[in-house]
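Asks: Take this structure first; my questions come after.
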Amino acid sequence: VSSTSRDAQVQAALDAVDAQFEETVALLQEFVRIPSVIGDEGDAQVWATKRMQELGLETKEVLIPDEELMKHPTAVEGPWRSENRPNIIGRWKGQGDGKSLILNAHVDVVSEEPRSQWSYDPYGAVIEGDRMYGRGTMDMKGGWLAIYAALRALKTVGYAPVGDLIFHSVVEEEGGGTHGTLATLLSGETGDAMIIPEPLWSHLVIGHPGILYFRIEVDGHSVHAALGHHGVSALFEIMPIIEALRALDQERARDLHLERFERLPGADGQSVHLNIGSLQAGDWPSTVPGQAVLEGRVSYLPFEKTEDVMNRILQTIADASQSEWLQAHPPRITWPGWRGEPWLQDPHHPFVRHAQEAIGAERGELPELAADTAGLDARFAGEFGIPCVVFGPEGENIHGIDEWVSLSSVRVVARSLVRLIDSWSQS
Ligand SMILES: [Zn+2]
């Protein structure tokens, strides 16, 4: 195929994205109406498989048994198991030896609670103007449909990719991706590059911090409140630790910066965060709390060592445990859940430039590069040596009340993907 007829075909595919967009929106509504809260992605993946098969993709389920998966160093233990929630791979075989491209999107969403605060049915997919409201519209069923729309448009015009196009429809991203993207890549479903259309619209994202979850357990001595002075409240004992962690967060936020981590809207000059996400202490009004359990998350920059960050937290807790009681009953600290290294894509890799130009052709200017302050499945691509970028639709209220996605931005993402698929596979 000559380059002029190829250019004409790409142009025809871009037109097809537009012509088919109403159907894309209708499919996005269907998809949003299948609740797929993390752990319960089975029905969404059945739907995803049907869509891929309609496109003529070769589909395959990927599911790795837990015993095997958990041996991997970056796998994290969670409440989820692999049964009935496979990852779905849809492959469009290339006609030549061009570079392959993975298009990765997760189907899991976070819970819609507190549901009573929504002004729209969280699974109603109501459209108002350019906005579609609902849980997962923005994060990230809109991005999933952008991939679908790009592949469908290319199919419609008889496009023949020179490298394999591999659609990864994955589970569990919201819980760290162990049964999702990690399992998928571990199973051998790799490629020469990956793009994830997560809803990061203002920039092309090529990095995120390391993320570590921690749990602190403090014992007290529970007695009846009527004899409370004989007890030791675990709640009161853990309070100096909470204050010390809060001070550590402020210190880290003040001292640790990487400009690239502060470019996204809302970063406001803060690269790293230490969050105390939950505290449970006691269980009865007239019992002195016998136990307190605190869980939190700390993010850290690529120039910090995971081990140093862990040691700093341990030291902070030790320094704050000066009471006689805590000296005799030291807090127990564990690291359950997320334990992801920082991800930093080399900005000079040619794939980054291809992605910038594909997006730039749609938006009139090259998108700037940035790093996210939240974790992404992209780090697994980094782990497997696959160049990866993240760019997707615009919206608001991610993980919140009245989440919505901009439909016109889904179309722009689909068109950018058409351009990227063509330029990358021929490079
Ligand atoms: Zn997401």
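Asks: Against the definition (within 30 Å of residue 226 (Cα to Cα) and touching a residue at least 24 places away in the same chain (Cβ under 8 Å)), how does residue 278 come out, yes or no?
Replies: For residue 278, the condition - within 30 Å of residue 226 (Cα to Cα) and touching a residue at least 24 places away in the same chain (Cβ under 8 Å) - is not met.
Asks: Oh, and also: Would you be able to say whether some residue in the stretch 115-138 is open to solvent by 10 Å² or more (accessible area, probe 1.4 Å), touching a residue at least 12 places away in the same chain (Cβ under 8 Å), more than 14 Å from the ligand (Cβ to nearest atom) and part of a helix (DSSP H, G or I)?
Replies: Looking through the stretch 115-138, at least one residue is open to solvent by 10 Å² or more (accessible area, probe 1.4 Å), touching a residue at least 12 places away in the same chain (Cβ under 8 Å), more than 14 Å from the ligand (Cβ to nearest atom) and part of a helix (DSSP H, G or I).
Asks: Go over the candidates 160, 244 one by one and state the one that is touching an Asp or Glu at 6+ places or on another chain (Cβ under 8 Å) and either away from the ligand (no atom under 16 Å from the Cβ) or over 30 Å from residue 330 (Cα atoms) (or both).
Replies: Exactly one residue qualifies, and that residue is 244.
Asks: Another question about this same structure. Please state which of the following conditions residue 110 fails to meet, knowing it meets all the rest: (1) within 16 Å of the ligand (Cβ to nearest atom); (2) buried (at least 23 other Cβ atoms within 10 Å of the Cβ); (3) of a type in the set (A, V, I, L, M).
Replies: (2)
Asks: I've got another one for you. State all residues of the stretch 313-322 that are touching a strand residue (DSSP E or B) at 6+ places or on another chain (Cβ under 9 Å) and open to solvent by less than 60 Å² (accessible area, probe 1.4 Å); if no residue qualifies, say none.
Replies: Of everything in the stretch 313-322, those that are touching a strand residue (DSSP E or B) at 6+ places or on another chain (Cβ under 9 Å) and open to solvent by less than 60 Å² (accessible area, probe 1.4 Å) turn out to be 313, 317, 321.
Asks: On to the next question. What single numbered condition from (1) open to solvent by 20 Å² or more (accessible area, probe 1.4 Å); (2) modelled with pLDDT of 95 or more; (3) farther than 21 Å from residue 92 by Cα fails to hold for residue 174?
Replies: (2) is the only condition that residue 174 fails.
Residue-by-condition table, conditions (1) in contact with a Leu (Cβ under 8 Å, 6 or more places away or on another chain); (2) of a type in the set (Ser, Thr, Tyr):
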site	(1), (2)
102	no, no
109	no, no
112	no, no
126	no, no
130	yes, no
133	no, yes
141	yes, no
165	yes, no
177	no, no
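Asks: Can residue 93 be described as open to solvent by 30 Å² or more (accessible area, probe 1.4 Å), in contact (Cβ under 8 Å) with a residue 24 or more places away in the chain and either within 16 Å of the ligand (Cβ to nearest atom) or of a type outside the set (S, T, N, Q) (or both)?
Replies: Against the criterion (open to solvent by 30 Å² or more (accessible area, probe 1.4 Å), in contact (Cβ under 8 Å) with a residue 24 or more places away in the chain and either within 16 Å of the ligand (Cβ to nearest atom) or of a type outside the set (S, T, N, Q) (or both)), residue 93 qualifies.
Asks: Which residue out of 309, 272 is at pLDDT 95 or above, outside any helix (DSSP H, G or I), open to solvent by less than 40 Å² (accessible area, probe 1.4 Å) and in contact with a Leu (Cβ under 7 Å, 6 or more places away or on another chain)?
Replies: The conditions single out 272.
Asks: I'd like the residue in the stretch 84-94 that is in a loop (DSSP other than H, G, I, E, B) and in contact with a helix residue (DSSP H, G or I) (Cβ under 9 Å, 6 or more places away or on another chain) and, out of all such residues, is farthest from residue 183 (Cα to Cα).
Replies: Ranking the candidates gives 94 first.
Asks: Out of 215, 152, which single residue is under 16 Å from residue 102 (Cα atoms), among the charged types (D, E, K, R), open to solvent by 10 Å² or more (accessible area, probe 1.4 Å) and more than 12 Å from the ligand (Cβ to nearest atom)?
Replies: Unique residue meeting the criteria: 152.
Asks: Okay, moving on. Go through 65, 79 for me and flag whichever is under 22 Å from residue 383 (Cα atoms), modelled with pLDDT under 95 and not acidic (Asp, Glu).
Replies: 65
Asks: For the stretch 193-211: of the residues being touching a Phe, Trp or Tyr at 6+ places or on another chain (Cβ under 9 Å) and in a loop (DSSP other than H, G, I, E, B), which is nearest to the ligand (Cβ to nearest atom)?
Replies: 198
Asks: Okay, next question. Looking at residue 143, is it open to solvent by less than 50 Å² (accessible area, probe 1.4 Å), in contact (Cβ under 8 Å) with a residue 12 or more places away in the chain and assigned to a loop (DSSP other than H, G, I, E, B)?
Replies: no
The values are calculated or read from the model by the stated rules, or taken from the named source; none is laboratory data. Remember, predicted model here, so these are calculated numbers, not experimental data. Glycine also receives a Cβ, built like all others from the backbone with ideal geometry; neighbour counts cover every protein chain displayed. For the accessible areas, the whole protein counts, side chains as well, though only heavy atoms, and no ligand, DNA or RNA atoms are used. Shrake-Rupley method; radii C 1.70, N 1.55, O 1.52, S 1.80 Å.
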